[in-house]
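Engineer: Shown below is the structure under consideration.
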Number of protein chains: 4
Amino acid sequence: MSAIRRTARRADIIDAAYRCMAQHGYERSTTAQICKVAGVSSGTFFHYFPTKAAVLGAVLEDGLQRTREVFERIRDTAARDAVAALDQWREHVLDEASDENLAGFIAVLGAVPDNAEVAAALRAEAQLTREVLTELVAAGQEQGTIRTDRTPDRIGTWLGILARGVLEHAAEEGPVVRDTLGPEMTDMLIRLLRP
Amino acid sequence: MSAIRRTARRADIIDAAYRCMAQHGYERSTTAQICKVAGVSSGTFFHYFPTKAAVLGAVLEDGLQRTREVFERIRDTAARDAVAALDQWREHVLDEASDENLAGFIAVLGAVPDNAEVAAALRAEAQLTREVLTELVAAGQEQGTIRTDRTPDRIGTWLGILARGVLEHAAEEGPVVRDTLGPEMTDMLIRLLRP
Amino acid sequence: MSAIRRTARRADIIDAAYRCMAQHGYERSTTAQICKVAGVSSGTFFHYFPTKAAVLGAVLEDGLQRTREVFERIRDTAARDAVAALDQWREHVLDEASDENLAGFIAVLGAVPDNAEVAAALRAEAQLTREVLTELVAAGQEQGTIRTDRTPDRIGTWLGILARGVLEHAAEEGPVVRDTLGPEMTDMLIRLLRP
Amino acid sequence: MSAIRRTARRADIIDAAYRCMAQHGYERSTTAQICKVAGVSSGTFFHYFPTKAAVLGAVLEDGLQRTREVFERIRDTAARDAVAALDQWREHVLDEASDENLAGFIAVLGAVPDNAEVAAALRAEAQLTREVLTELVAAGQEQGTIRTDRTPDRIGTWLGILARGVLEHAAEEGPVVRDTLGPEMTDMLIRLLRP
DNA sequence: CATGAATGAGTATTCATTCAT
DNA sequence: AATGAATGAATACTCATTCAT
């Protein structure tokens with residue numbers, strides 16, 4: 001069997017797991033259900049992943065990969081123009097909040113299984129976010145567009161808190177009205193960060 | 001058996017369920033474990049609660065009761081001094097974030113079981129929070145201490161978002177350092193809300 | 001529920017497991033089958049034993065208990081009359097060889113699961129057998145009825161080997177014809193042990 | 001592909017199965033594991049053997065072949081000198097007991113799958129052993145070196161029992177100390193068989 | 001009211017075997 | 001001939017819930 005098809009199967013399962021867990025949480029998503037959604041047999045499921053927790057790990061790894069790409073671009077922008085980078089980040093947060101599945105999926109992460117891979121992926125994501133935001137704030141401070149009465153690290157932390165709040169809000173309230181939240185968030189950021 | 005003892009038993013179970021679920025999530029907290037922590041038999045457990053979901057409902061109801069009390073006081077203060085009320089609310093949020101169990105428990109709520117009682121309690125809590133915050137902001141606007149370029153409802157929503165972010169942050173990072181987060185939050189609120 | 005009934009249930013399961021495993025071996029005896037034979041549900045099975053291996057452990061523990069009783073009597077006899085004790089032991093071996101289930105059960109023990117309890121029980125049984133046989137031979141040597149050109153330990157070892165051979169023979173050939181094997185065994189022991 | 005390579009593959013699988021089963025028993029040796037040890041894919045495995053039981057059958061057939069060769073030689077010797085043949089047989093038993101894998105493999109045979117081929121091989125081995133030993137004893141009786149107060153068949157049976165005991169002993173105690181067991185066994189045989 | 005033995009549907013996972021490439 | 005992806009029946013074990021005592 002070709003490597004392409006093999007990858008496709010794997011991706012199907014990851015995708016199915018993502019959707020199931022976003023809707024019903026980790027524990028209530030049975031492997032049988034994921035198999036059904038992915039259109040594979042239980043045997044195939046365990047051919048690709050040793051345990052159910054491992055698929056969650058793969059889902060997170062996948063998400064981490066996408067986050068890395070987005071943050072890479074934000075990082076590049078920040079070096080030139082922190083305000084523009086901030087706006088990119090804001091768009092990214094709103095994108096996530098608008099993705100119905102993702103918003104639901106975040107909730108899952110409150111009750112993760114004891115699994116090294118899963119824990120590692122979560123830590124990596126948190127670490128990455130923290131790093132990039134801190135860097136972004138530091139750049140803004142140097143460029144004179146962001147207040148300097150707090151350390152980049154602390155301001156970055158609060159940006160993270162804000163993002164989490166928006167995501168949770170979206171998970172609760174359903175698909176967030178982007179047109180409302182977007183401008184409001186811009187306004188908030190200006191007030192919070194201006195020198 | 002006296003009504004007092006009956007109530008005590010019930011409270012023991014609720015408390016045990018709260019602690020178990022805060023630590024391991026809803027699904028991974030077994031009734032057996034809750035019974036053990038509460039010091040009762042499974043028979044007794046199901047004597048007081050028809051299902052496992054019902055205990056979660058009771059836990060939430062309990063929390064809602066406490067929230068009501070806190071918010072009642074905040075409401076009273078707001079009528080006279082919205083800024084002072086805001087500070088009370090901020091304290092309340094920090095209290096919650098500092099309560100290790102509660103921070104963990106919030107995470108649970110991402111993956112709740114299909115249960116009318118539970119859903120109702122959650123809705124009531126959200127509704128109450130929204131109402132009080134909106135009211136608080138409206139009062140502040142009238143008193144001239146809060147910006148008036150947005151509706152009380154929208155500003156209230158963002159306060160809610162902020163609170164959720166802090167709670168989630170606490171759940172992830174462990175017991176939050178109050179001394180750091182507290183002043184920063186005050187600063188944030190001032191920047192966000194001043195006219 | 002009374003302690004008596006509780007013990008009875010446990011005993012039922014142990015007995016069922018013993019019979020199933022004697023007939024089909026450990027791996028091929030499913031818990032479902034054992035439950036059926038014992039007349040209990042799977043829930044009850046796991047209420048009394050944490051794992052399938054644990055029942056095997058209990059079966060062995062049970063057998064060890066019976067072995068202890070038999071060997072206690074043999075030990076007592078040996079102090080006075082080693083030849084008589086030897087005959088008691090021979091009877092015991094033939095009893096075991098005649099028990100169709102037991103003969104089959106011995107075979108199981110070739111492929112035991114990795115389980116501490118099981119391993120311990122097997123070791124205890126082997127140890128006990130070795131001890132008693134060694135003691136018996138030593139007594140016979142003192143009483144002048146057993147050859148003294150080998151150590152009690154070595155002679156005891158060969159008695160053990162003989163017993164294993166008889167048991168295996170019985171497991172293969174079906175219910176052993178006691179009337180044939182009995183006298184022959186006496187003859188063998190005389191030839192092997194006389195001074 | 002040449003017949004030689006074909007045979008080699010087959011032999012590899014048989015050898016791998018032998019080693020796996022000797023170590024973990026029949027049920028606990030998975031086809032995947034055997035494939036890995038043999039260095040072939042599952043497809044190849046099932047190309048050469050229709051079922052897992054069939055490989056066990058082949059392993060036994062292989063062993064039977066080797067047994068035949070040994071016994072052929074013993075048979076030849078017996079016609080001239082039963083005592084010498086007995087010593088050859090004793091060496092053979094000790095060889096088997098010293099072979100760590102074989103000793104372990106014997107244990108497997110307690111829990112064999114329901115399979116005609118396997119059963120046939122086992123029966124053939126038992127039959128052959130019985131025949132040769134009976135013949136050997138008969139020759140010894142004619143040569144005046146073995147007691148004549150029992151039939152060759154019964155004496156042969158006891159020799160078989162003894163061999164089984166030694167094998168089981170080896171399986172339990174690990175690699176048997178040949179230097180100890182060898183002379184002792186000679187001594188036993190002399191005592192048991194002399195006229 | 002309190003207990004804990006009993007239940008059985010449900011779950012993750014294993015593994016011999018098939019078959020398209 | 002050789003591969004290894006795919007299958008799905010089978011299995012040990014969990015856990016919310018019931019009910020006789």
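Engineer: State yes or no: is residue D:171 of a type outside the set (S, T, N, Q), within 14 Å of chain C (Cβ to nearest Cβ), in a helix (DSSP H, G or I) and in contact with a Leu (Cβ under 6 Å, 6 or more places away or on another chain)? Before the answer, list the steps.
Structural biologist: On the way: of a type outside the set (S, T, N, Q): yes; within 14 Å of chain C (Cβ to nearest Cβ): yes; in a helix (DSSP H, G or I): yes; in contact with a Leu (Cβ under 6 Å, 6 or more places away or on another chain): no.
Considered against the rule, which asks whether it is of a type outside the set (S, T, N, Q), within 14 Å of chain C (Cβ to nearest Cβ), in a helix (DSSP H, G or I) and in contact with a Leu (Cβ under 6 Å, 6 or more places away or on another chain), residue D:171 comes out as no.
Engineer: Count, please, the residues in the range D:174-183 that happen to be within 19 Å of the chain's Cα centre (by Cα) and either on the phi > 0 side of the Ramachandran plot or at the interface with chain C (Cβ under 8 Å from one of its Cβ atoms) (or both).
Structural biologist: Total satisfying the criteria: 1.
Engineer: Over 19 Å from the mean Cα position of the chain (by Cα) and small (Gly, Ala, Ser): does that describe residue A:140?
Structural biologist: Values: over 19 Å from the mean Cα position of the chain (by Cα): yes; small (Gly, Ala, Ser): yes.
For residue A:140, the condition - over 19 Å from the mean Cα position of the chain (by Cα) and small (Gly, Ala, Ser) - is met.
Engineer: Now, a different point. Contact list please: Cβ distance under 9 Å, first residue in the range A:23-43 and more than 15 Å from residue B:28 (Cβ to Cβ) and away from every other protein chain (no Cβ under 14 Å), second residue away from DNA strand F (no atom under 12 Å from the Cβ) and open to solvent by 60 Å² or more (accessible area, probe 1.4 Å), pairs at least six apart or on different chains.
Structural biologist: Qualifying pairs under 9 Å: A:33/A:24; A:34/A:19; A:37/A:15; A:37/A:19; A:38/A:15.
Engineer: Out of curiosity, is residue A:97 out of contact with any Phe, Trp or Tyr (no Cβ under 6 Å at 6 or more places or on another chain), open to solvent by 10 Å² or more (accessible area, probe 1.4 Å) and more than 16 Å from DNA strand E (Cβ to nearest atom)?
Structural biologist: Details: out of contact with any Phe, Trp or Tyr (no Cβ under 6 Å at 6 or more places or on another chain): yes; open to solvent by 10 Å² or more (accessible area, probe 1.4 Å): no; more than 16 Å from DNA strand E (Cβ to nearest atom): yes.
No: the conditions fail for residue A:97.
Engineer: What number of residues within the range B:174-195 satisfy the criterion of being assigned to a helix (DSSP H, G or I) and among the basic types (Lys, Arg)? Step through it out loud before you land on a result.
Structural biologist: We begin by selecting, within the range B:174-195, every residue assigned to a helix (DSSP H, G or I); these are B:178-193.
With among the basic types (Lys, Arg) added as a condition, the list becomes B:178, B:191.
Qualifying residue count, the range B:174-195: 2.
Engineer: I need a count of the residues in the range B:38-61 that are among the charged types (D, E, K, R) and closer than 14 Å to residue B:123 by Cα.
Structural biologist: Within the range B:38-61, the subset among the charged types (D, E, K, R) is B:52, B:61.
Cutting the leftovers down to closer than 14 Å to residue B:123 by Cα gives us B:61.
Count: 1.
Engineer: Only one residue in B:124, B:116 is open to solvent by 70 Å² or more (accessible area, probe 1.4 Å) and more than 9 Å from chain A (Cβ to nearest Cβ). Which one? Break it down into steps so the answer makes sense when it comes.
Structural biologist: Details: B:124 fails: open to solvent by 70 Å² or more (accessible area, probe 1.4 Å).
Checking each option against the conditions leaves just B:116.
Engineer: Mind listing whichever residues of the range D:12-28 are part of a loop (DSSP other than H, G, I, E, B) and either open to solvent by 40 Å² or more (accessible area, probe 1.4 Å) or aromatic (Phe, Trp, Tyr) (or both)? Step through it out loud before you land on a result.
Structural biologist: We begin by selecting, within the range D:12-28, every residue part of a loop (DSSP other than H, G, I, E, B); these are D:25-28.
Result: D:26, D:27, D:28.
Engineer: Still on this structure, please answer the following. Which of (1) open to solvent by 80 Å² or more (accessible area, probe 1.4 Å); (2) among the hydroxyl-bearing types (Ser, Thr, Tyr); (3) under 27 Å from residue C:110 (Cβ atoms) does residue D:31 not meet, given it meets every other one?
Structural biologist: Here residue D:31 meets the rest and fails (1).
Engineer: If residue C:165 satisfies all but one of (1) within 13 Å of chain D (Cβ to nearest Cβ); (2) surrounded by fewer than 19 Cβ atoms within 10 Å (Cβ to Cβ); (3) in contact with a Lys or Arg (Cβ under 6 Å, 6 or more places away or on another chain), what's the number of the condition it fails?
Structural biologist: Result: residue C:165 fails condition (2) only.
Engineer: Going by what's in this entry, would residue A:64 be described as within 14 Å of chain B (Cβ to nearest Cβ), of a type outside the set (Lys, Arg) and either within 11 Å of DNA strand F (Cβ to nearest atom) or open to solvent by less than 20 Å² (accessible area, probe 1.4 Å) (or both)?
Structural biologist: Details: within 14 Å of chain B (Cβ to nearest Cβ): no; of a type outside the set (Lys, Arg): yes; either within 11 Å of DNA strand F (Cβ to nearest atom) or open to solvent by less than 20 Å² (accessible area, probe 1.4 Å) (or both): yes.
For residue A:64, the condition - within 14 Å of chain B (Cβ to nearest Cβ), of a type outside the set (Lys, Arg) and either within 11 Å of DNA strand F (Cβ to nearest atom) or open to solvent by less than 20 Å² (accessible area, probe 1.4 Å) (or both) - is not met.
Engineer: Scan A:10, A:68 and give me the residue that is away from DNA strand E (no atom under 11 Å from the Cβ) and touching a residue at least 60 places away in the same chain (Cβ under 8 Å).
Structural biologist: On the way: A:10 fails: touching a residue at least 60 places away in the same chain (Cβ under 8 Å).
Exactly one of A:10, A:68 is away from DNA strand E (no atom under 11 Å from the Cβ) and touching a residue at least 60 places away in the same chain (Cβ under 8 Å), namely A:68.
Engineer: Looking at the range C:184-195, which of its residues are facing chain D (nearest Cβ under 10 Å) and open to solvent by 40 Å² or more (accessible area, probe 1.4 Å)? Write out each step before concluding.
Structural biologist: Quick first cut of the range C:184-195, residues facing chain D (nearest Cβ under 10 Å) only: C:184-185, C:187-188, C:190-194.
Matches in the range C:184-195: C:190, C:194.
Engineer: Residue by residue through the range C:168-183, note down the ones that are open to solvent by 10 Å² or more (accessible area, probe 1.4 Å) and touching a residue at least 40 places away in the same chain (Cβ under 8 Å).
Structural biologist: Within the range C:168-183, the subset open to solvent by 10 Å² or more (accessible area, probe 1.4 Å) is C:168-169, C:171-180, C:183.
Across the range C:168-183, the qualifying residues are C:168, C:169, C:171, C:174, C:175, C:176, C:178.
Engineer: I need the full set of residues from the range A:87-146 which are closer than 21 Å to residue B:106 by Cβ and in a loop (DSSP other than H, G, I, E, B), in order please.
Structural biologist: Residues satisfying the conditions are A:112, A:113, A:114.
Engineer: Mind telling me which of the residues A:168, A:135 ends up being at pLDDT below 95, at negative phi and not aromatic (Phe, Trp, Tyr)? Spell out how you get there, then give the answer.
Structural biologist: On the way: A:135 fails: at pLDDT below 95.
Of the residues listed, the single one that is at pLDDT below 95, at negative phi and not aromatic (Phe, Trp, Tyr) is A:168.
Engineer: With the requirement that a residue be touching a helix residue (DSSP H, G or I) at 6+ places or on another chain (Cβ under 7 Å), assigned to a loop (DSSP other than H, G, I, E, B) and among the β-branched types (Val, Ile, Thr), what does the range D:29-50 give you?
Structural biologist: D:40
Engineer: All but one of (1) more than 23 Å from residue D:120 (Cβ to Cβ); (2) of a type outside the set (Ser, Thr, Tyr); (3) within 15 Å of DNA strand F (Cβ to nearest atom) hold for residue D:16; which doesn't?
Structural biologist: Answer for residue D:16: the failing condition is (1).
Engineer: Still on this structure, I have one more. Taking the options B:149, B:76, B:99, name whichever one is out of contact with any helix residue (DSSP H, G or I) (no Cβ under 6 Å at 6 or more places or on another chain), modelled with pLDDT under 95 and not aliphatic (A, V, I, L, M). Spell out how you get there, then give the answer.
Structural biologist: Working: B:149 fails: modelled with pLDDT under 95; B:76 fails: modelled with pLDDT under 95.
When all the criteria are applied, what remains is B:99.
Engineer: One residue is enough: does the range D:51-60 have a residue meeting the conditions open to solvent by less than 20 Å² (accessible area, probe 1.4 Å), away from DNA strand E (no atom under 15 Å from the Cβ) and assigned to a helix (DSSP H, G or I)? Let's see the steps before the verdict.
Structural biologist: Residues of the range D:51-60 open to solvent by less than 20 Å² (accessible area, probe 1.4 Å): D:53-60.
Remaining after also requiring away from DNA strand E (no atom under 15 Å from the Cβ): D:60.
Those left that are additionally assigned to a helix (DSSP H, G or I): D:60.
Yes, there is a match, as at least one residue in the range D:51-60 is open to solvent by less than 20 Å² (accessible area, probe 1.4 Å), away from DNA strand E (no atom under 15 Å from the Cβ) and assigned to a helix (DSSP H, G or I).
Engineer: A further question follows. Can residue B:19 be described as of a type in the set (D, E, K, R) and more than 10 Å from DNA strand E (Cβ to nearest atom)?
Structural biologist: On the way: of a type in the set (D, E, K, R): yes; more than 10 Å from DNA strand E (Cβ to nearest atom): yes.
Yes.
Engineer: Given the criteria open to solvent by 40 Å² or more (accessible area, probe 1.4 Å), of a type in the set (Phe, Trp, Tyr) and either out of contact with any strand residue (DSSP E or B) (no Cβ under 8 Å at 6 or more places or on another chain) or within 16 Å of DNA strand E (Cβ to nearest atom) (or both), does residue C:46 qualify?
Structural biologist: Taking the combined requirement at face value, the residue satisfies it.
Engineer: If residue C:155 passes every condition in (1) open to solvent by 30 Å² or more (accessible area, probe 1.4 Å); (2) within 10 Å of chain D (Cβ to nearest Cβ); (3) in a helix (DSSP H, G or I) but one, which one does it miss?
Structural biologist: Only one criterion in (1) open to solvent by 30 Å² or more (accessible area, probe 1.4 Å); (2) within 10 Å of chain D (Cβ to nearest Cβ); (3) in a helix (DSSP H, G or I) is unmet by residue C:155, namely (1).
Engineer: Can you report the number of residues in the range D:70-84 which are surrounded by 15 or more Cβ atoms within 10 Å (Cβ to Cβ) and not acidic (Asp, Glu)?
Structural biologist: Number satisfying all stated conditions: 8.
Engineer: Identify, please: which residue in the range B:127-152 is among the hydroxyl-bearing types (Ser, Thr, Tyr) and farther than 29 Å from residue B:56 by Cβ and is, among those, least open to solvent (accessible area, probe 1.4 Å)?
Structural biologist: Going residue by residue through the range B:127-152, those that are among the hydroxyl-bearing types (Ser, Thr, Tyr) are B:129, B:134, B:145, B:148, B:151.
Keeping just the survivors that are farther than 29 Å from residue B:56 by Cβ gives B:145, B:148, B:151.
On the way: B:145: 56, B:148: 102, B:151: 74 Å².
Per the criteria, the residue is B:145.
The values are calculated or read from the model by the stated rules, or taken from the named source; none is laboratory data. Treat the numbers as computed from the prediction; the structure is a model and nothing was measured. Every residue, glycine as well, gets a Cβ built from its backbone with ideal geometry; the counts of neighbours run over all protein chains shown. Protein only, heavy atoms only, side chains kept; ligands, DNA and RNA dropped before computing areas. Shrake-Rupley method; radii C 1.70, N 1.55, O 1.52, S 1.80 Å.
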